[in-house]
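What follows is one structure encoded as structure tokens, with my remarks underneath.
The values are calculated or read from the model by the stated rules, or taken from the named source; none is laboratory data. Quick caveat, the model's predicted, so the values are computed rather than measured. With ideal geometry, Cβ positions are generated from the backbone for all residues, glycine too; neighbour counts draw on all protein chains shown.
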Amino acid sequence: MDRSTPSLPTTLDAWLARCERLHAKDIDLSLERVSEVKQRLGLRFNVPVISVAGTNGKGSTCAMLEAIALAAGYRVGAYIKPHLVHFEERCRIGGQSVAANSLLEHFEAVEQARGAWALTSFEFTTLAIMRLLSQAALDLVILEVGLGGRFDAVNSVDADCTIITSIDIDHSEFLGHTREAIGFEKAGVMRPGKPVILSDPVPPASVLEHAAAIGADLRCIGRDFSYSGDAQQWNWVGRIQRFSGLAYPALRGANQLLNAAGALAAFEAMRGVLPVPAQAVRTGLAQVQLAGRFQIVAGRPTLVLDVAHNPHAVAALTHNLERMGFHPRTHAVFGAMRDKDIAGMLQRIAPLVDAWYFTDLATPRAARAVELESVLRQLPSVRPPGAAVPGSCHADPAHALQAALQACDPADRIVVFGSFHTVGGVLKNGLPRLSGTHLA
């Protein structure tokens, strides 16, 4: 293909801007468009594929799968989303983000193959990334499912193994307002006869029923695999394998053992084509990294970054904050999408927060900072009468963080959460290293 063609973009940013204009909607759930263009592209994978669906824990699970497989010596390609700062973070080969220029020919191929089909931006970019991965010399491909599952663009691929992480209320406008309805959408990623790892301890009946109806090889936590541990180490037991005396994953947070257990169950299910030795499990879990998942940045004050963006995830964040060492005050930088359960998120963490810094985000879907502050003010008070919690509004996450830093004592902590855009907004110029000098 000729990249000099004047009618086509020549940079990744220009392609992304073009993709935003192709379809009237940001989200249009259907597999028809993607499946047709995928067929025209001749896109297929000749190596094992693991797909990861669910409401929370997908990113961490993908990161653990990737780290363990890399430690075992496999060449791994991964599609993870959304990105924090740069789009190319979504496509990783060998543990590293691909170069932006390497994606251009694949965007061009999708453009030529789509014909009259008006793909959404997500569909277009997913096809481009999957095409790159399908043509790379890999041993394993990991695909993170986006919104839902049944009609997600990633579900156009028949995965060899699927993991479904926790299931909770999110994206209700598209997926339904109950766990049963959302579970049915997530269950759409299953395939007859293929292993499905279900790491939700209390799964909706709709997931179990769909697995039985299509004859999937369902492997449930608590029945087909489990984990246990103490303060120093943990153990995992599957159908035929066992790992004992494991160090805790490098990713922080109370739910990471649940995610790790699901990843190990997937490798057990794939052991015939993708054997993983015990040492690779130990090394991979010790070295796994993932920005923005209860990421603690040492400094004065301490900085905590977490992409928790629904009540279930914020409840986990709150639990993790409660387990941290003592900090006199907690300052929260918060920005979120308007279609999220903002009240539900704020209600769960509000008892821990001493000062709020609400932020606008650079996307039309985001709630304005003043809207977020209004929601907080309407919540039942969690403080004694007269003990109002201060709050302020800011144009972007970087300015909100700076305001929090100016109000902090060195022993305090700042928590940045609510959206990938919120965390990405404070990471766009690199990892902040805080050194506040304010004294009350």
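Got a sec? Which of Leu274, Leu251, Leu264 is in contact with a Leu (Cβ under 8 Å, 6 or more places away or on another chain) and modelled with pLDDT of 95 or more? Steps first, answer last, please.
On the way: Leu251 fails: modelled with pLDDT of 95 or more; Leu264 fails: in contact with a Leu (Cβ under 8 Å, 6 or more places away or on another chain).
Only one candidate qualifies: Leu274.
Starting from segment 244-270, take each residue that is closer than 15 Å to Ile164 by Cα and list its partners that are basic (Lys, Arg) and not in a loop (DSSP other than H, G, I, E, B), counting only C-beta distances under 8 angstrom and pairs at least six apart or across chains.
Close Cβ pairs satisfying both conditions: Ala265/Arg219; Ala269/Arg219.
Let's see how each residue does on (1) in contact with a Cys (Cβ under 7 Å, 6 or more places away or on another chain); (2) within 28 Å of Gly94 (Cα to Cα); (3) of a type outside the set (Lys, Arg):
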{"position": "Ile214", "(1), (2), (3)": "no, no, yes"}
{"position": "Arg223", "(1), (2), (3)": "no, no, no"}
{"position": "Gln241", "(1), (2), (3)": "no, yes, yes"}
{"position": "Ser244", "(1), (2), (3)": "no, yes, yes"}
{"position": "Gln256", "(1), (2), (3)": "no, yes, yes"}
{"position": "Ala269", "(1), (2), (3)": "yes, yes, yes"}
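Of the residues Ala350, Ala362, which is surrounded by fewer than 22 Cβ atoms within 10 Å (Cβ to Cβ), hydrophobic (A, V, I, L, M, F, W, C) and assigned to a helix (DSSP H, G or I)? Talk me through it step by step, then tell me what you get.
Working: Ala362 fails: assigned to a helix (DSSP H, G or I).
Exactly one of Ala350, Ala362 is surrounded by fewer than 22 Cβ atoms within 10 Å (Cβ to Cβ), hydrophobic (A, V, I, L, M, F, W, C) and assigned to a helix (DSSP H, G or I), namely Ala350.
Looking at segment 114-147, which of the residues that are under 13 Å from Leu22 (Cβ atoms) and hydrophobic (A, V, I, L, M, F, W, C) is farthest from the chain's Cα centre (by Cα)?
Ala116
Mind listing whichever residues of segment 411-429 are out of contact with any Pro (no Cβ under 8 Å at 6 or more places or on another chain), surrounded by fewer than 24 Cβ atoms within 10 Å (Cβ to Cβ) and part of a loop (DSSP other than H, G, I, E, B)?
Passing the criteria: Lys428, Asn429.
Scan segment 322-360 for residues that are in contact with a Pro (Cβ under 8 Å, 6 or more places away or on another chain), closer than 19 Å to Leu405 by Cα and either outside the structural domain of His399 (by TED's automatic domain parsing) or touching a residue at least 60 places away in the same chain (Cβ under 8 Å) (or both) and jot them down.
Scanning segment 322-360 gives His327, His331, Val333, Gly335, Thr359.
Can you tell me which residue among Glu89, Glu123, Glu108 is assigned to a helix (DSSP H, G or I) and free of Cβ contacts under 8 Å to residues at least 24 places away in the same chain? Give the derivation first.
Numbers: Glu123 fails: free of Cβ contacts under 8 Å to residues at least 24 places away in the same chain; Glu108 fails: free of Cβ contacts under 8 Å to residues at least 24 places away in the same chain.
Only one candidate passes the filter, namely Glu89.
Do we find that Leu285 is closer than 27 Å to Met324 by Cβ and buried (at least 23 other Cβ atoms within 10 Å of the Cβ) in this structure? Write out each step before concluding.
Values: closer than 27 Å to Met324 by Cβ: yes; buried (at least 23 other Cβ atoms within 10 Å of the Cβ): yes.
When the stated conditions are applied, Leu285 passes them.
How many residues does segment 75-100 contain that are of a type outside the set (A, V, I, L, M, F, W, C), out of contact with any strand residue (DSSP E or B) (no Cβ under 8 Å at 6 or more places or on another chain) and modelled with pLDDT of 95 or more?
Of segment 75-100, the ones of a type outside the set (A, V, I, L, M, F, W, C) are 75, 77, 79, 81-83, 86, 88-90, 92, 94-97.
Still in the list and also out of contact with any strand residue (DSSP E or B) (no Cβ under 8 Å at 6 or more places or on another chain): 82-83, 96.
Then drop every residue that is not modelled with pLDDT of 95 or more, which leaves 96.
Of the residues in segment 75-100, 1 are of a type outside the set (A, V, I, L, M, F, W, C), out of contact with any strand residue (DSSP E or B) (no Cβ under 8 Å at 6 or more places or on another chain) and modelled with pLDDT of 95 or more.
With respect to Leu257, determine if the residue is closer than 27 Å to Arg293 by Cα and either under 25 Å from the mean Cα position of the chain (by Cα) or not assigned by TED's automatic domain parsing to the domain that holds Leu31 (or both).
Numbers: closer than 27 Å to Arg293 by Cα: yes; either under 25 Å from the mean Cα position of the chain (by Cα) or not assigned by TED's automatic domain parsing to the domain that holds Leu31 (or both): yes.
Judged against the criteria, Leu257 is a match.
Output the residue which, of all residues in segment 6-63 that are of a type in the set (Asp, Glu) and outside any helix (DSSP H, G or I), is surrounded by the most Cβ atoms within 10 Å (Cβ to Cβ). Write out each step before concluding.
So in segment 6-63, the residues of a type in the set (Asp, Glu) come out as 13, 20, 26, 28, 32, 36.
Then drop every residue that is not outside any helix (DSSP H, G or I), which leaves 26, 28.
Details: Asp26: 12, Asp28: 16.
Checking each candidate, the answer is Asp28.
Kindly check whether there is at least one residue in segment 271-280 that is under 23 Å from the mean Cα position of the chain (by Cα) and crowded, with 19+ Cβ neighbours inside 10 Å. Don't jump to the end; show me each part of the working.
Looking only at segment 271-280, we keep the residues that are under 23 Å from the mean Cα position of the chain (by Cα), and these are none.
Taking every residue of segment 271-280 in turn, none turns out to be under 23 Å from the mean Cα position of the chain (by Cα) and crowded, with 19+ Cβ neighbours inside 10 Å.
Pairs, please: C-beta under 8 Å, at least 6 apart or cross-chain, first residue closer than 16 Å to Pro249 by Cα and in segment 217-235, second in a loop (DSSP other than H, G, I, E, B)?
Note: pairs meeting the criteria are Gly229/Tyr248; Gln233/Ala247; Gln233/Tyr248; Trp234/Tyr248.
Specify which of the listed residues (Ala398, Ala404) is modelled with pLDDT of 95 or more and more than 26 Å from Gly344 (Cβ to Cβ). Please lay out each step first, then the result.
Numbers: Ala404 fails: more than 26 Å from Gly344 (Cβ to Cβ).
The unique qualifying residue is Ala398.
Consider Arg239 against the criteria (1) touching a strand residue (DSSP E or B) at 6+ places or on another chain (Cβ under 8 Å); (2) under 26 Å from Leu29 (Cβ atoms); (3) charged (D, E, K, R): it satisfies all of them except one. Which criterion is unmet?
(2)
Out of the residues in segment 327-347 that are of a type outside the set (S, T, N, Q) and in a strand (DSSP E or B), which is modelled with the lowest pLDDT? Can you show your working first?
Filtering segment 327-347 down to residues of a type outside the set (S, T, N, Q) leaves 327-329, 331-346.
Of the ones still in play, those that are also in a strand (DSSP E or B) are 331-334, 337.
Working: His331: 98, Ala332: 98, Val333: 98, Phe334: 98, Met337: 93.
Per the criteria, the residue is Met337.
Which of the numbered conditions does Gly148 fail, given that it passes all the others? Conditions: (1) assigned to a loop (DSSP other than H, G, I, E, B); (2) modelled with pLDDT of 95 or more; (3) crowded, with 18+ Cβ neighbours inside 10 Å.
(2)
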